[in-house]
Amino acid sequence: MDNNSGLRTLNNDPVPLKSVSVEVEVQGHVASVSSCLQYENQESGPVEVVFIFPMDSSAAVCRFRARIGSTEVEAQVREKTQAREQYDDALSSGQQAFLLEESEESEDVFRLSVGSLPPGETASVTLTYVTELAVQADKALRFCLPTVLNPRYTPAGCKSITTEAAGALSGDLPYTLSLGVHVYSPSQIKSIESNCPLTPVELLSQDSTEAQVRLLPGYRFDRDVELLLYYVQPHLPTAILEAGQPTAKPGDLMGDTVALLSFYPDSKAVTSPSKASSKEFIFLVDCSGSMSVMGRIDTARDSLLLLLKSLPIGCRFNIYGFGSTHESFFHESVEYSQKMVNSALKKVKSMEANLGGTEILGPLKEIYSKPCLPSHPRQLFIFTDGEVGNTKAVTDLVKMNAGSHRCFSFGIGEGASAALVNGMAKEGSGHAQFITGTDRLQAKVMQSLQFSMQPEVSDISVQWDVPPGVAVTPLSPPPTVLFHGQRLLVYAQFTGQSHSSMDGSVTLHYKLGEESLKNKLTFNMKSEKDSSLLLHRLGARAAIEALEGEVREGGDESITEKVVALSTQSGVSSSHTAFIAVHAENKQPIEGPLLHRTVPRAMLEDRSRHFCGALYSGTPPQSLVKACDLVPRNEHIYHLPVTGKESGKPKLGASLRQIWGRFRRENRKPQLDRSCSRRPVQRKATQIDRGEPFERPDTDLYRRASRKIDGAVPSLDGKMASVCVAGALSRRDQDDWPGDLLRLIDLQNADGSWELDQSLVSILGKNKEEVAKTSPVESGSSSVWATVLAVLWLHGHMARFKDEWLLVAQKAVSWIKTQIGADMSRFVSSGNSLLGLQVEPKALGQ
C-alpha cells in the first residue's frame, strides 16, 4: 500500500481519523451530544490510534459504542485499572478493543484509544454525553463544543495528558468536523447565534419552539464552536421529573424518578457601593507567555483599569501578576485612595506577558496565607487563559479556603480550560466567565464585580414537601452561593410511588443580611419517560463530582468505591472509571506488529513559530513572532506592500501605523482580503504607497494595537506584507472599546470626580473656555461641572457600553450629590445644551 497517500500528521505519519460528526439535541437548558469518529487504516499493518481531545467540563459521558464493519459493540463502564488491563489483554491476544477515559489531572480532557485496527479496515466510535447550558450576562444559553486543546503548562512533578499528543495548527488538521443542532425550547426561540458560520435557522414548529441549524462546511478547528440560544422567556422557574428505567433495580438511581429544578432567586439584592466599601478586592492576572496571543494581556490591562476606577472609596485592594514566578503590587492589600490607585495604574500599564509558565498554585497559596482583614470579606478575581496541567490541585486549594473568600474566574481565549475556570468559581462560591472570539471581557468583568458587591447570602437550604411514601435524596451538593437573578439547578432522586395527580413543592430558604427570604416552586408528581435518561445522567454526574471531591480531600477507600459503584450503575464516566469495549466476535487474531499512531489535536499556540519557520532560518525576529501570533488563518488579513528592497530577507516596513494612518485619512477600512490567500490586493496607490509622510494618530486604540504588532508579517513571496489587527480596526465601529472611553475613564479620580482640564474637554469636543463659561454656577468647584459633563457624555455617546461604565458613572453621581445635593436638574439641562444631548435627568438618578 502506498504510504504517501491518505491523511498524515505533521511528522508524515498516516492518520486513521478521517472525520468527526456531531449531533446536538437541546431540550430547554440541557443538551445531549453524540459525536461519531470515523477511522480508516490505510497502512499495511495493524495500528493502535490514540486521540486526546477536550470535553465540556460539566459533561456527563454516558454512552460509548464502536462499529466494525456491520458489528456494533457497546462499551461498559469499569473501574479504570480493570478497564486498562482488559484493553491491554485484548490487544496482546490480537483482538480489537476501544478504551475511553477521563484525564486524572483535569475532567475536561479525554483519551480515546482504538486498538488493533487491521489494514484496510474502517471503524467508527460514537460517544454520547449530556451537559447543562451556561447562562450568559445577556440571558442567552451557551452551548460550547470544545475543539481546541492547547498545550497546558505542567509544573515539575506533575503529569500532563496534553504532552502525549502532538499539536497541529488549527487549519492543518487532517480530519473534518460536521455539526447539527436541534433545539426544543419551553418558549419561543428568538434567535441562534454562533462564533462560526451557520446555515440559516430553520423553524420546525408554528409556535417557534423547535428549530435546527448546521455548521457550514470548511470549519478549521481554530476555535471552540459556540452557540448562543435566545428564548423569549429563558428564565422561568421550572421542575422536570424524569421516570426511571422499568428494568432497573428498585431503589437504584436509574430505576427511580429524578427531578431537575431550576431556580432564579429574586432576592432583590442590588449592587451596594456602601457595603462594597468594606470589602477586600484581590486581582490575580496571568502574565505567562501564552497571554501574549491575540492581545489577551492587553485586554486584561484595560479591564484592570476599569475595575480600579469602579471600586468604591474605603475598600482595600491588591493586584498580583503570575507566571513561572509571581509578584504583588503591594506587600499587603492597601486602602483605596487616589495615591494608591495612581500607583497601581502605573504598574498596570507596564504589565506584560513575560513571566514564563502558568504557575497558579504559588500565588494562590500566598494570597490565602495572608489573613483576611476584619470586616472586609475577600473577593478574589482570577484572569487566565486556563492552560495548566494541575487543574485539580488548583481547584482543591480554592475549596480548602472557600470559607474565607469568594472566587470570580475569567477564562480568556480559545482553549481555556473549562475545568479550571469553572472549578475555581464553583469551589470558591463565585462566578465563572469565558471570553472568546469577539466577546468583551470588560462587560463580563463588570457583571462579576457587581455580583461581588451584592451582600453575601447565608444559611442556604432546600426543603422538600412531597406526598407520603416518597423519599427524597439530593443528588447535587447543597448550594453555597446565590446571586440575584442567576440560575440555580437542583437534582434529586425520588424513591417510592405517588399518584400522578398529586403535587409536590420545594422551597429555597436563605438569609440576606438579617432578612430571611425564600423562593417556592410547586410541581406535579407525574414523571415523563425519556429513553435517553438525560436527567438521570446529569444527576449522577452531580453526585459523582461531590464524591470525587471527598476523595481528593482525603476520604477513605469506601468513598472511592461509592464513586465506582455509582459510575458503573449509571453508565456515567468518572476519574476512577473508564469505558471499555472489546470486539470478542472476531475469532481470527490480528497478526503483525502494532503501529502506534497519535491523532494530532487542534491547537493555536505554535502558529507563529510554524509560520515564521517557513520564512526564516534560525530564530525569527521577535517583532515577527509577536505579529505572527496574531494571524489565525480565518481572521481578516490586511495587505500592504513591503517598504525597502524586495530582494533578500523581507523588511518589516509596512507597520500598523501605516495601516492606521491610511485608515484615518481615507475614513474607511484598509482593503480586506477575506480569502486569506496572502496574494497582493489590487487597489489604487495611496499616500503610503508613494512614501509620503503620515501623522501618527494620538489615540489609545493606536497605543494598544501598536503594542500588539511591531511589524508586518511578510508574505511567502516576500513582496507583500500582511497584518492581522486582531480586531483593533476591523471591529472598531462595532465591538472595540473606543479610545475616548478608555481615556475618559483613565482621567477619573478615585473619588468619582473629574477635573476640568484640557484632556477632558478634548474628549468632549469642546474648548476649555467654552465649557467654563457655560457652567450653571459662577463660582465654586469646576470639578462638579466637569463630572456632570463626563457622565452626560457617557450616557449620550457610549450608551451601548453602559454595562461597562455603569459603576464608574454611579460613583460619579454619588460624589456629585455630596457636593451640591440631590437636585442636578440645572446641571443636566446646561450640560445637554453644551454637548447637544438629550439625556433625561432620571438617567443620573433624578
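The values are calculated or read from the model by the stated rules, or taken from the named source; none is laboratory data. Treat the numbers as computed from the prediction; the structure is a model and nothing was measured. All Cβ positions, even for glycine, are placed from backbone atoms using ideal geometry, and neighbour counts span all protein chains on display. Note: accessible area is taken over every heavy atom of the protein model, side chains too, but ligands, DNA and RNA are not part of it. Shrake-Rupley method; radii C 1.70, N 1.55, O 1.52, S 1.80 Å.
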Worksheet item: Using the Karplus equation 6.51 cos²θ - 1.76 cosθ + 1.60 (θ = phi - 60°), what ³J(HN,Hα) coupling, rounded to whole Hz, does each residue of the range 790-796 give in order, writing x for Gly and Pro?
Response: 4, 5, 4, 4, 4, 5, x
Practice prompt. Could you calculate the contour length gain from Ser93 to Glu74, that is, 0.36 nm times the residue separation minus the distance between their Cα atoms, to one decimal place in nm?
Written response: 4.8 nm
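In nm, what is the difference between 0.36 nm times the number of residues separating Thr507 and Lys526 and their Cα-Cα distance? Don't skip to the answer; put the middle values down first.
Numbers: separation 19, 0.36 × 19 = 6.84 nm, distance 1.89 nm.
Difference between extended and current length: 4.9 nm.
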Worksheet, complete the sentence: Under the Karplus relation with 6.51, -1.76 and 1.60 and θ = phi - 60°, whole-Hz ³J(HN,Hα) for the range 90-104, x at Gly and Pro, equal 5, 5, 5, 9, x, 8, 8, 8, 9, 10, 10, 9, 7, 5, 6
Worksheet item: How high is the FRET efficiency from Ser461 to Gln486, r the C-beta distance, R0 22 Å, rounded to 0.05?
Response: 0.75
Worksheet entry | 5 angstrom amide H check on Lys18, placed H, neighbours 5+ away | Gln38, Tyr39, Glu40
Worksheet, complete the sentence: Residue-ordered couplings for the range 242-253, obtained by feeding phi - 60° into the Karplus form 6.51 cos²θ - 1.76 cosθ + 1.60 and rounding to whole Hz (Gly and Pro as x), are 10, 6, x, 6, x, 8, 6, 5, x, x, 6, 4
Worksheet item: At a Förster distance of 22 Å, what's the computed FRET efficiency of Gln82 paired with Glu553, Cβ-Cβ distance as r, to 0.05?
Response: 0.30
Response to the item:
In the structure shown, of Lys426/Lys842; Lys249/Lys392; Lys190/Lys309; Lys309/Lys766; Lys190/Lys444, the pairs separated by more than 28 angstrom at the C-alpha atoms are Lys426/Lys842; Lys249/Lys392; Lys190/Lys309
Worksheet entry | Thr199-Ser178 pseudo-label distance in nm [points 7 Å out on the Cα-to-Cβ vector] | 1.0 nm
Item to complete: Show me 525-534, 29-38 ranked by packing, highest mean number of other Cβ atoms within 10 Å first.
Response: 29-38, 525-534
Item to complete: Run the 1.4 Å probe and let me know the accessible area of Asp757, rounded to the nearest 10 Å².
Response: 50 Å²
Worksheet entry | Segment Ser762-Ala584, length gained on full extension (0.36 nm per residue, minus Cα span) | 56.3 nm
Discussion item. At 7 Å along Cα-to-Cβ for each site, give me the label-to-label distance between Ala772 and Arg67 in nm.
Written reply: 8.1 nm
Practice prompt. Round to the nearest 0.05 the FRET efficiency obtained for Glu515 and Lys339 when R0 = 35 Å and r is the Cβ-Cβ distance.
Written response: 0.40
Item to complete: Loop only per DSSP, at most 16 neighbouring Cβ atoms within 10 Å: give me the GluC sites (Glu not before Pro) in the range 14-50, ordered by residue number.
Response: none
